[in-house]
Amino acid sequence: MLSPVLKALCATALALCLAHAALAQQANAFVVPYTGTLKKINDSGVLRIGHRENSPPFAFLDRRGKPVGYALDLCAVVLEEIVAELRKDIRVEYRPVTPENRFDLLNSGAIDLECGSTTNNFERRKVAAFSPTMFVTGTKLLVRRASGIRYFRDLQGKTVVLTRGTVQAQAIPRLAERQKLGIKFVTAEDHRQSFELLASGKADAFANDDVQLYGMLAETRTASTYRVVGDFLTYADYALMLRKDDPEFAALVELAFARLAGSREIVAIYEKWFLKPLPSGVRLNLPMSPHLEELFRVQGLPTD
């Protein structure tokens, strides 16, 4: 038989074990059962960001090879929301993407968030989801100043380069067909290669969103040789891209944009990349358009 002292010690130990089990069970009851992308990030401790390498000022490599740009800064704020939600440190892995492979890399799980210059439109919403709008732009033409090309109709019988996987790669040939213009089209893997085809004389014009053409001119310091011309041929809303049918992660991204707008931090980030000098030292000098400012007001930007 156990002595009274041993009985008391056993009873105390049993009570402590039961109390510990009850506390553990209670703690487990409050564990959030994350799903989709948040579960993936929570389990791995890693956020995999897809980024463009030559799409200034949205996403490009600085002189040290580090991914930088307007979209990357916005994604950094999304990361802050993820860390706040999961209450743990999250490591970021960067992976370069091209206009052609970005959708496959996102949906395969190779990346969790695409931070570049991707257009949100009806067709793409069939395969991906998007953040609130971060920029508004449209297609124009980049040509040599001495080319005599001013408008789309001036391209009759000429060669236009398009970047594969972009909106322009589908929309511009259709537009040329409707207007019965005998334009020859060539394609390149990314915007830098498209610009190089224009520079080498293998194309007479490069059709792309005007803001990216201005960014290319700034980074290459070639504004004295080339210029952006013509009316808008397409319109586009840029957004961060995330996986479709993942409402939990989409809500967190929207929360990040609402915080950005509400605190006016979105204005500071915009001015950093569109009004202040880029890493190359060149300024784009592109003030925020009334359209984009109104979209940010919808997201919570205070009226001045």
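The values are calculated or read from the model by the stated rules, or taken from the named source; none is laboratory data. Bear in mind the structure is a predicted one, so any value in this text is a computation, not a measurement. With ideal geometry, Cβ positions are generated from the backbone for all residues, glycine too; neighbour counts draw on all protein chains shown. Accessible surface is based on the protein model in full, side chains and every heavy atom, while ligands, DNA and RNA are left aside. Shrake-Rupley method; radii C 1.70, N 1.55, O 1.52, S 1.80 Å.
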task: Starting from the residue with the highest accessible area, list TYR34, TYR94 in decreasing order, probe 1.4 Å.
output: TYR94, TYR34
field: Among GLN212, GLN168, GLN179: highest mean-square fluctuation, GNM of the chain, C-alpha pairs under 10 Å
entry: GLN179
statement: Ranked output for segments 39-52, 131-144, 245-258, 78-91 by mean other Cβ atoms within 10 Å, highest leading, reads 131-144, 39-52, 245-258, 78-91
task: Compute, for HIS291, the solvent-accessible surface of its heavy atoms (probe 1.4 Å) with the complete set of protein chains present, and express it in square angstrom to the nearest 10.
output: 100 Å²
- prompt: Which whole-number value in Å³ per residue fits the convex hull of the alpha carbons of the stretch 35-179?
  reply: 135 Å³
- prompt: Rounded to the nearest 500, what is the chain's calculated 222 nm mean residue ellipticity when only DSSP H runs of at least 4 contribute -39500 (n - 2.57) each, over all residues?
  reply: -13000 deg cm²/dmol
- line: Amide H neighbours of LEU141 at under 5 Å, excluding residues fewer than 5 places away on the same chain, with H built from the backbone geometry, are VAL229
message: Below 17 Å, Cα to Cα, which lysines can LYS39 reach? Residues fewer than 8 away in the same chain don't count.
response: LYS88, LYS244
- prompt: So for the chain, taking the charge dipole from beta-carbon charges (+1 Lys/Arg, -1 Asp/Glu), which of LEU79, GLY45, LEU198 sits furthest toward the positive end?
  reply: LEU198
message: What number do you get for the stretch 101-239 when its Cα radius of gyration is normalised by 2.2 N^0.38 Å, N = residues?
response: 1.06
query: Could you give the accessible area per residue of the stretch 75-187, probe 1.4 Å, as a whole number in Å²?
result: 48 Å²
Carbon + sulfur, % of accessible area of the chain - ligands and nucleic acids excluded, 1.4 Å: 54 percent
message: What does the extension gain come out to for ALA169 and ARG95, with contour length at 0.36 nm per residue minus their alpha carbon separation?
response: 24.3 nm
- prompt: If amide H atoms are built 1.01 Å from N in the plane of the peptide, which residues on other chains or at least 5 residues away come under 5 Å of the amide H of LEU47?
  reply: ARG91, VAL92, GLU93
query: Helix 4-29: angle to the longest alpha-carbon principal axis of the chain, degrees 0 to 90, nearest 10?
result: 20 degrees
task: Calculate, in nm to one decimal, what THR159 and ARG297 gain on full extension: separation in residues at 0.36 nm each, minus their alpha carbon distance.
output: 45.6 nm
message: Rg and Dmax in Å for the chain, alpha carbons only: what are they?
response: 25.6, 108
field: the chain: relative contact order as a whole-number percent, Cα under 8 Å and 6+ apart
entry: 23 percent
- line: Taking r as the C-beta separation of LYS126 and SER224 and R0 as 41 Å, the FRET efficiency to the nearest 0.05 is 0.45
task: Specify the angular offset, from 0 to 90 degrees and rounded to the nearest 10, of the alpha carbon long axis of helix 167-178 from the longest principal axis of the alpha carbons in the chain.
output: 30 degrees
Environment charge of ALA199, counting only residues whose C-beta is closer than 11 Å and scoring Lys/Arg +1, Asp/Glu -1: +2
- prompt: For the stretch 221-282 and the stretch 175-191, what is the separation of their C-alpha centers, rounded to whole Å?
  reply: 26 Å
field: Built amide H within the under 5 Å cut-off of GLY116, gap 5+
entry: MET241
